[in-house]
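This is the structure, below, for whatever I ask next.
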Amino acid sequence: MRRVKYKKVRKVQPNTFEYTGVHKSDPVEMQLFVYNEEGFEEYENVSLQRVKKELEDKLQENDVKWLNIHGLHDVNFIQEVGEIVGIETFIIGDVLNTTRRTRMEEMDDVLFFSIKSILQKEDLDNIQVEQISFLLKDNLIVSFQEKKSDFFTHIRERIRTRAGIVRKKKNDYLLYLLLDAVMENFFITLENYEEEIEKLLIVAKTSYKSDVLEEIEKIRDNLSFLKRSIVPLRDALFNLKVSNDDGNFDVIDKSNYSFFARLHQKSLELLEQIEYDINVLESASNIFFSSQSQRMNQIMKTLTIFSVIFMPLTFIVGVYGMNFDNMPELHSKNGYFIVLTSMVFVTIGMVIYFKKKRWF
């Protein structure tokens with residue numbers, strides 16, 4: 001499982017640009033959308049020259065421009081993008097350093113948002129982590145993705161088909177849609193885990209195998225990792241709300257802050273659900289140990305009953321096994337059968353007594 005280390009962040013030298021991620025096989029590609037309420041233009045595998053031309057086009061000055069970049073391993077290329085867009089160098093460094101925690105930063109007329117995107121695979125043991133960064137400036141929004149993914153496919157379709165209000169709004173509303181799409185992957189991941197948790201809760205009541213406990217601990221560890229990814233996102237969205245309350249930040253339109261408040265509420269719902277699921281796993285773990293303890297107690301009770309039954313029998317055998325000469329029973333013709341019959345009656349009597357006491 002690839003995980004983001006928040007405590008032991010990989011150190012990158014100041015003023016040095018280095019991609020710290022693992023997705024380095026696919027080529028870097030860019031996609032550009034330029035749209036307004038009346039129409040849109042879409043450019044696949046667009047070049048830097050074309051991007052620069054579109055950004056400098058005075059006729060499209062008021063149009064919303066969405067530049068989506070797949071791949072961050074070509075550091076020089078990302079630096080060129082930063083120069084064309086007019087991004088501060090330290091932001092380029094934060095885009096390339098994928099070990100940083102989720103955060104939001106506001107600078108004059110620029111909003112920078114870095115978020116961890118988690119997409120659950122079929123194998124619940126693996127969580128795929130990708131850092132996605134967003135830059136909001138004027139009528140432009142730039143999204144940096146480590147690799148190609150289908151997070152934003154439905155948003156592109158909404159732009160193409162003019163569905164909803166995305167073409168009526170500015171780039172701040174598009175940022176809301178992009179963040180919402182990323183957060184949906186958290187819900188999908190969590191839903192998959194909840195199905196597995198329900199199965200584990202049932203198995204924990206009946207199974208005595210240690211594999212159950214290992215699976216419980218594994219899922220609990222993954223949920224804790226999800227929580228660590230969502231907490232900084234919640235904090236970043238809260239800071240965005242505070243910026244609205246202060247009234248000193250105008251990159252996001254006042255009428256659109258309610259959408260980001262929804263995202264903040266979603267992050268709280270995710271954290272609450274994760275806490276609930278962790279508690280359910282704790283209950284499943286307790287049930288497993290209780291079942292193990294109950295099973296052990298049952299075994300010990302059975303063994304104890306057998307031991308108690310054999311104690312008087314052992315005593316009788318021990319007495320008549322001393323072989324003293326002055327023991328009349330040893331010379332009795334039916335002594336063996338009398339002792340054996342007595343032992344049987346003693347055993348039956350003890351079993352009846354235990355049954356009446358409901359000891360088994």
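Can you find even one residue in the range 182-190 that is crowded, with 17+ Cβ neighbours inside 10 Å, outside any helix (DSSP H, G or I) and in contact with an Asp or Glu (Cβ under 9 Å, 6 or more places away or on another chain)?
No: the range 182-190 contains no residue that is crowded, with 17+ Cβ neighbours inside 10 Å, outside any helix (DSSP H, G or I) and in contact with an Asp or Glu (Cβ under 9 Å, 6 or more places away or on another chain).
Continuing with the same structure: For residues in the range 271-282 being touching a Leu at 6+ places or on another chain (Cβ under 7 Å) and open to solvent by less than 50 Å² (accessible area, probe 1.4 Å), which is nearest to L179 (Cα to Cα)? Break it down stepwise before answering.
Initially, the range 271-282 is screened for residues touching a Leu at 6+ places or on another chain (Cβ under 7 Å), giving 273-274, 277-278, 280.
Imposing the further condition that a residue be open to solvent by less than 50 Å² (accessible area, probe 1.4 Å) reduces the set to 274, 277-278, 280.
Numbers: I274: 19, D277: 24, I278: 25, V280: 29 Å.
Going through the qualifying residues, I end up with I274.
Residue-wise test of (1) among the aromatic types (F, W, Y); (2) under 30 Å from Y173 (Cα atoms); (3) surrounded by 11 or more Cβ atoms within 10 Å (Cβ to Cβ).
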{"site": "A284", "(1), (2), (3)": "no, no, yes"}
{"site": "F288", "(1), (2), (3)": "yes, no, yes"}
{"site": "Q294", "(1), (2), (3)": "no, no, no"}
{"site": "T304", "(1), (2), (3)": "no, no, yes"}
{"site": "M322", "(1), (2), (3)": "no, no, no"}
{"site": "S332", "(1), (2), (3)": "no, no, yes"}
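Scan the range 194-218 residue by residue and report those that are of a type in the set (V, I, T) and in contact with a helix residue (DSSP H, G or I) (Cβ under 6 Å, 6 or more places away or on another chain). Quick ask: steps written out before the conclusion?
Looking only at the range 194-218, we keep the residues that are of a type in the set (V, I, T), and these are 197, 202-203, 206, 212, 216.
The answer is I197, V203, V212, I216.
What pairs can you find where one residue is in the range 37-59 and farther than 25 Å from Q79 by Cβ, the other is assigned to a strand (DSSP E or B), and their Cβ atoms are less than 6 Å apart, with a gap of 6+ or different chains?
Matching pairs, first to second residue: E41/V34; E42/F33.
Scan (1) surrounded by fewer than 20 Cβ atoms within 10 Å (Cβ to Cβ); (2) touching a Leu at 6+ places or on another chain (Cβ under 8 Å); (3) more than 19 Å from S114 (Cα to Cα); (4) not β-branched (V, I, T) for the single condition D221 breaks and write down its number.
The one condition D221 does not meet is (2).
Working carefully through the options V203, V251, find the one that is open to solvent by 50 Å² or more (accessible area, probe 1.4 Å), among the aliphatic types (A, V, I, L, M), farther than 25 Å from T99 by Cβ and in contact with an Asp or Glu (Cβ under 9 Å, 6 or more places away or on another chain).
Values: V251 fails: open to solvent by 50 Å² or more (accessible area, probe 1.4 Å).
None of the other options fit; the residue is V203.
Quick one: E214 ticks every box in (1) in contact (Cβ under 8 Å) with a residue 12 or more places away in the chain; (2) surrounded by fewer than 19 Cβ atoms within 10 Å (Cβ to Cβ) bar one, so which box is it?
(1)
For (1) surrounded by 15 or more Cβ atoms within 10 Å (Cβ to Cβ); (2) not hydroxyl-bearing (S, T, Y), each residue gets a yes or a no:
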site: E41; (1), (2): no, yes
site: L67; (1), (2): yes, yes
site: H70; (1), (2): yes, yes
site: V81; (1), (2): yes, yes
site: V85; (1), (2): yes, yes
site: V95; (1), (2): yes, yes
site: M104; (1), (2): yes, yes
site: S114; (1), (2): yes, no
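Another question, if that's okay. In the range 263-296, what residues are among the charged types (D, E, K, R) and closer than 20 Å to R228 by Cα? Lay out the reasoning, then the answer.
Residues of the range 263-296 that are among the charged types (D, E, K, R), as a first pass: 266, 269, 272, 275, 277, 282, 295.
Of everything in the range 263-296, those that are among the charged types (D, E, K, R) and closer than 20 Å to R228 by Cα turn out to be K266, E269, E272, E275, D277, E282.
Same structure again: Give the residues of the range 128-178 that are open to solvent by less than 10 Å² (accessible area, probe 1.4 Å), closer than 22 Å to N36 by Cα, among the aliphatic types (A, V, I, L, M) and not in a helix (DSSP H, G or I), sorted by residue number.
The answer is L135, L136, I141, V142, V166.
Among the candidates L72, L67, which residue alone is part of a loop (DSSP other than H, G, I, E, B), within 23 Å of N97 (Cβ to Cβ) and modelled with pLDDT of 85 or more? Write out each step before concluding.
Numbers: L67 fails: part of a loop (DSSP other than H, G, I, E, B).
After ruling out the rest, the residue left standing is L72.
The values are calculated or read from the model by the stated rules, or taken from the named source; none is laboratory data. Keep in mind the model is a prediction, meaning the values are calculated, not measured. Methodologically, a virtual Cβ is constructed for each residue, glycine included, from the backbone with ideal geometry; neighbour enumeration extends over all protein chains shown. Heads up: the accessible areas ignore ligands, DNA and RNA and are worked out on the full protein's heavy atoms, side chains in. Shrake-Rupley method; radii C 1.70, N 1.55, O 1.52, S 1.80 Å.
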